[in-house]
Amino acid sequence: MHFQWYPGHMTKAKRMMQENIKLIDLVIELVDARIPMSSRNPDIDELGKNKARLILLNKADLAEDKWNDAWAEYFKSKGFSVVKVNSKKGGGIKSIQGVIQEACKEKIERDRKRGILNRPIRAMVVGIPNVGKSTFINALAGKAAAKTGNKPGVTKGKQWIRLNKNVELLDTPGILWPKFEDQTVGLRLAFIGSIKDEVLQTEELSLEVIQFLLQNYEGLLAKHYEMEEDKDAVICLQRIAESRHCLVRGNELDLEKAAKILVDDFRNGRLGKITLEFPQDYN
Ligand code: G4P
């Protein structure tokens with residue numbers, strides 16, 4: 001699923017977020033573990049100030065473990081609670097409940113001092129399109145989520161999914177938009193498939209991917225496509241086309257097809273776990 005970026009969408013999404021955030025104690029922010037910074041929207045820090053904050057490094061299965069750990073440390077040093085998750089397979093989900101309690105302990109304590117006991121923590125999931133918000137909510141809430149479906153005759157208002165007696169989750173995630181006008185950010189979002197492919201031609205994108213891999217994951221293309229790497233990305237793409245028998249009119253190389261194969265392999269994790277940005281490059 002791809003998302004179209006229209007200014008109208010963004011204004012509406014921002015308004016929704018501002019309204020909903022008033023109701024909640026905890027912001028659960030999903031980022032893509034492969035690009036934890038480029039998949040964030042810095043506005044969330046302003047929107048979520050005075051709230052407990054939990055960052056989920058989602059799609060952790062697609063990123064390198066050592067960098068997932070490094071990013072977890074990075075965000076913890078900035079005061080966030082952090083969990084690495086694979087929402088698709090359920091990895092990390094079990095630990096979330098405990099982490100929520102821990103992240104909200106100040107609120108629980110405040111309530112206790114005021115004599116308010118057992119008021120559930122209210123949480124909202126936020127993140128950019130495609131980061132995995134719906135998948136995560138389903139993984140966390142399971143059957144409870146299914147129960148909150150529309151009932152005929154009932155006006156659809158805000159729905160809270162009761163996770164247990166301590167936590168309620170707003171059923172509609174908050175959609176944020178990344179800073180895709182920043183070129184590097186835009187490129188990384190295109191790498192992971194968050195921006196429509198039309199923004200950047202597949203062949204162009206594949207050359208960027210090749211360039212990145214040559215610099216950061218030397219030998220990976222050679223191993224996966226059984227070809228010799230060259231520092232020239234175009235030559236690499238030609239070799240991938242040869243290796244994968246991507247031909248047009250019998251014997252001409254079909255670079256477009258090879259590019260598509262490479263970008264798909266990359267996005268789906270078939271090239272292995274790959275992290276695209278690193279904490280030491282951010283302060
Ligand atoms: P959104 O609500 O934030 O827009 O995202 P959504 O849950 O629709 O997830 C977007 C895509 O990311 C889905 O793939 C989903 O399966 C995948 N996804 C979510 N979490 C994870 C994760 O932790 N690991 C991996 N590997 N993938 C994850 P899709 O291509 O739209 O569908 P499908 O391929 O699952 O059928």
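The values are calculated or read from the model by the stated rules, or taken from the named source; none is laboratory data. Quantities reported herein were computed from a predicted structural model and do not represent experimental measurements. Every residue, glycine among them, receives a Cβ derived from its backbone with ideal geometry; neighbour counts consider all protein chains shown. For accessibility, only protein heavy atoms count, side chains too; no ligands or nucleic acids. Shrake-Rupley method; radii C 1.70, N 1.55, O 1.52, S 1.80 Å.
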Counted residues in the stretch 227-256 being in contact with a strand residue (DSSP E or B) (Cβ under 8 Å, 6 or more places away or on another chain) and either open to solvent by less than 50 Å² (accessible area, probe 1.4 Å) or charged (D, E, K, R) (or both) come to 4
From the list GLY127, GLY90, pick out the single residue that is over 29 Å from ARG15 (Cα atoms), at pLDDT 90 or above and outside the structural domain of ARG267 (by TED's automatic domain parsing).
GLY90
For GLU102, indicate whether it is in contact (Cβ under 8 Å) with a residue 24 or more places away in the chain and surrounded by fewer than 22 Cβ atoms within 10 Å (Cβ to Cβ).
no
Among the listed residues LYS59, LYS66, which satisfies the condition of being modelled with pLDDT of 95 or more and at positive phi?
LYS59
Only residues that are open to solvent by 30 Å² or more (accessible area, probe 1.4 Å) and touching a residue at least 40 places away in the same chain (Cβ under 8 Å): list them for the stretch 183-196, please.
THR184, ARG188, LYS196
Of everything in the stretch 73-88 that's within 15 Å of the ligand (Cβ to nearest atom) and not in a strand (DSSP E or B), which residue is farthest from the chain's Cα centre (by Cα)?
LYS88
Considering GLU203, GLU242, GLU208, GLU228, which residue is over 30 Å from ASN58 (Cβ atoms) and either in a helix (DSSP H, G or I) or of a type in the set (S, T, N, Q) (or both)?
GLU242
Residue hits (the stretch 245-278; among the β-branched types (Val, Ile, Thr), within 16 Å of the ligand (Cβ to nearest atom) and in a helix (DSSP H, G or I)) are VAL263
(1) modelled with pLDDT of 95 or more; (2) part of a helix (DSSP H, G or I); (3) near the ligand (Cβ under 10 Å from one of its atoms): which one isn't true of ASN138, the others all being true?
(1)
Which of the residues belonging to the stretch 41-71 are part of a helix (DSSP H, G or I), open to solvent by 10 Å² or more (accessible area, probe 1.4 Å) and within 16 Å of the ligand (Cβ to nearest atom)?
ALA60, ASP61, LEU62, ASP65, TRP67
Filter the stretch 23-40 down to the residues that are within 14 Å of the ligand (Cβ to nearest atom) and aliphatic (A, V, I, L, M) and list them by number.
ILE28, LEU30, VAL31, ALA33, ILE35
So ARG249, is it charged (D, E, K, R) and touching a residue at least 12 places away in the same chain (Cβ under 8 Å):
no
Looking at the stretch 99-121, can you tell me whether even one residue there is at negative phi and within 15 Å of the ligand (Cβ to nearest atom)?
no
Can you tell me which residues in the stretch 213-245 are more than 16 Å from ASP264 (Cβ to Cβ) and of a type in the set (Phe, Trp, Tyr)?
TYR217
